[in-house]
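The values are calculated or read from the model by the stated rules, or taken from the named source; none is laboratory data. Every value quoted in this text rests on a predicted model; they were computed, and no experiment measured them. With ideal geometry, Cβ positions are generated from the backbone for all residues, glycine too; neighbour counts draw on all protein chains shown.
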């Protein structure tokens, strides 16, 4: 379940344009949970910072096909392919 939530979040966030600025807050919902986040490009890394409506924080770093970071202050690390597969199997 935890990995599915992270996967859904990541796949949804990867759809945003890389040129999005950190000041542009965006939102989406998945399985009844609302997510608010910003993105920033730091060289070749896309940094995604956000939280859920319940206050669960996340910070993800996407570099190429690898995603690392934290969700609810827990470390996460997976590939974008794993995220897509987790959603397909949900």
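Remark: residue 49 falls outside the filter, which requires a residue to be at pLDDT 90 or above and either at positive phi or in contact with a helix residue (DSSP H, G or I) (Cβ under 6 Å, 6 or more places away or on another chain) (or both). Using the structure shown, decide if residue 76 is buried (at least 16 other Cβ atoms within 10 Å of the Cβ) and either more than 13 Å from the chain's Cα centre (by Cα) or modelled with pLDDT of 90 or more (or both). Taking the combined requirement at face value, the residue satisfies it.
Among the residues making up segment 54-66, those that are at negative phi and either out of contact with any helix residue (DSSP H, G or I) (no Cβ under 8 Å at 6 or more places or on another chain) or in contact (Cβ under 8 Å) with a residue 60 or more places away in the chain (or both) are 54, 56, 57, 59, 61, 63.
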